[in-house]
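Visitor: Submitted below is the structure of interest, expressed as structure tokens.
No lab work stands behind these numbers, since they all come straight from the coordinates. Nothing here was measured: the structure is a model prediction, and the numbers come from that model. Here the Cβ positions follow ideal geometry from the backbone for every residue, glycine too, while neighbour counts run over all protein chains shown.
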Amino acid sequence: MKITILTLFPEMFGPVTTQSLLGRANEKKILEVSTVNIRDYTLDKHNRTDDTPFGGGAGMVLSAEPVFRALEACGYSPKEGGAQMAESGAAEGAASEFAAAPRKARFLYPSPRGRMLDQNLVEELAREEELVILCGHYEGVDQRILDAWEMEEVSVGDYILTGGELPAMVIIDAVARFVPEVLGSADSHREESIYSGLLEYPQYTKPRNFRGLTVPEVLVSGDHAKIHLWQLEQSLRLTKERRPDLFRGYLKRKDSLPKVERKLIDRVQAEETVQGETSSEDE
């Protein structure tokens, strides 16, 4: 998979894309992540990349010109709606560095108004051959960029950040895990509980007793069936408590689950009922 990042701060991505799993995947060309400095494609002698918004308002807006030129220089072409602008840019000298046919990719723009990044979207993006991520700054980007390139807006949460670089890193890291051969084991991501719709159960490592704090006995029992049930029960409890939305989604699959899992779900739900009745009596 190839991922191209358009940003005003390419140096921010070095520590993320050259270390650990992503670094090794980059070295082996399993995952090719490259950055493009938008500022290199300005026509302004001061290398300005933003301007004031039409209609007034606070802040500055990332201009269309340098972004178009940067994308075209990388070999990407606007979608149908941006063909006229592409021709205009070419006339001004924004020639592609590639002689080959226009590259096809899926274009993303991190934005709080976009589709929420969840596991389904992560897996969907991981099936693409090439992603292009535009990192916005200031008060946003010129809408003509998003329209001409049919960029999909993707949100990593209901909050505002100073730029799109951090969300882009989140997208890259999450997607990379599903690219074949990036993880050591093909089943590694499938063993994580969030993949199955539940939060992950508590983890412990050596020593067994640390300053009087001990590991649950079941985890050192050697009984793998009991260990699995304990882990599942913990995941159910945590999900019900912290992410009731995920828990409700998991309940919809209840009838298709093994009998032992259905019993655990019933037990966890029954405890909630008992606790509610106890609270009412206390009042």
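Visitor: Summing +1 for each Lys or Arg and -1 for each Asp or Glu, what net charge is found among the other residues whose Cβ lies under 13 Å from the Cβ of Glu261?
Guide: Details: positive: Arg253, Lys254, Lys259, Arg262, Lys263, Arg267; negative: Glu233, Asp255, Asp266.
Here the count lands on +3.
Visitor: Say each of Glu11 and Ala225 gets a label point 7 Å from the Cα, pointing the same way as Cα to Cβ; how far apart are those two points in nm?
Guide: Going from the Glu11 label point to the Ala225 one covers 6.0 nm.
Visitor: Less than 27 Å apart at the alpha-carbon level, and either on another chain or at least 8 residues along: which lysines does that give for Lys104?
Guide: Within reach: Lys2, Lys28, Lys29, Lys79.
Visitor: Among DSSP beta bridges lying fully in the range 2-176, give the percent that are antiparallel, nearest 5.
Guide: That works out to approximately 10 percent antiparallel.
Visitor: Could you calculate the contour length gain from Tyr204 to Phe54, that is, 0.36 nm times the residue separation minus the distance between their Cα atoms, to one decimal place in nm?
Guide: Between Tyr204 and Phe54, full extension yields 48.4 nm more.
Visitor: Next question. Using a 7 Å offset from the Cα along the Cα-to-Cβ direction at both Thr18 and Lys79, what is the distance between the two label points in nm, to one decimal?
Guide: Taking the two extended label points, one gets 3.6 nm.
Visitor: Determine, for each peptide in 129-137, 46-54, the mean count of other beta carbons within 10 angstrom over its residues, then list the peptides with the highest first. Walk me through the intermediate numbers first.
Guide: Values: 129-137: 21.2, 46-54: 13.9.
Descending mean neighbour count gives 129-137, 46-54.
Visitor: Give, in nm to one decimal, the length gained when the segment between His46 and Asp245 is fully stretched (0.36 nm per residue of separation minus the Cα-Cα distance).
Guide: Fully extending the segment from His46 to Asp245 adds 66.7 nm.
Visitor: Moving on to the next point. What FRET efficiency comes out for Arg262 versus Val218 if R0 is 22 angstrom and r is the Cβ-Cβ distance? Round to the nearest 0.05.
Guide: Details: r = 21 Å, r/R0 = 0.93.
For R0 = 22 Å, the calculated efficiency reads 0.60.
Visitor: Right, next: Pull up the cross-link candidates among the lysines for Lys206, meaning alpha carbon to alpha carbon under 30 Å and not fewer than 8 places away within one chain.
Guide: Lys226, Lys240
Visitor: Which distance in nm do the two modelled labels at Lys252 and Glu150 give, with both placed 7 Å along the Cα-to-Cβ direction?
Guide: Spacing of the two 7 Å Cα→Cβ label points: 2.8 nm.
Visitor: Here is a follow-up. Test of understanding: ordering Ser196, Ser77 by Cβ neighbours within 10 Å, fewest first, what list do you get? Intermediate values should be presented prior to the final figure.
Guide: On the way: Ser196 13, Ser77 17.
Ascending Cβ contact count within 10 Å gives the list Ser196, Ser77.
Visitor: Still on this structure, I have one more. Scan around Ile3 for amide H atoms under 5 Å from its own, H built in the peptide plane at 1.01 Å from N, and keep only partners 5 or more places away or cross-chain.
Guide: Here Glu32, Val33, Ser34, Leu131 satisfy the definition.
Visitor: Also, quick follow-up: So, R0 is 25 Å and r is the distance between the beta-carbons of Glu181 and Glu130; what FRET efficiency does that work out to, to 0.05? Walk me through the numbers before you get to the answer.
Guide: Details: r = 17 Å, r/R0 = 0.68.
Efficiency, from the Cβ-Cβ distance: 0.90.
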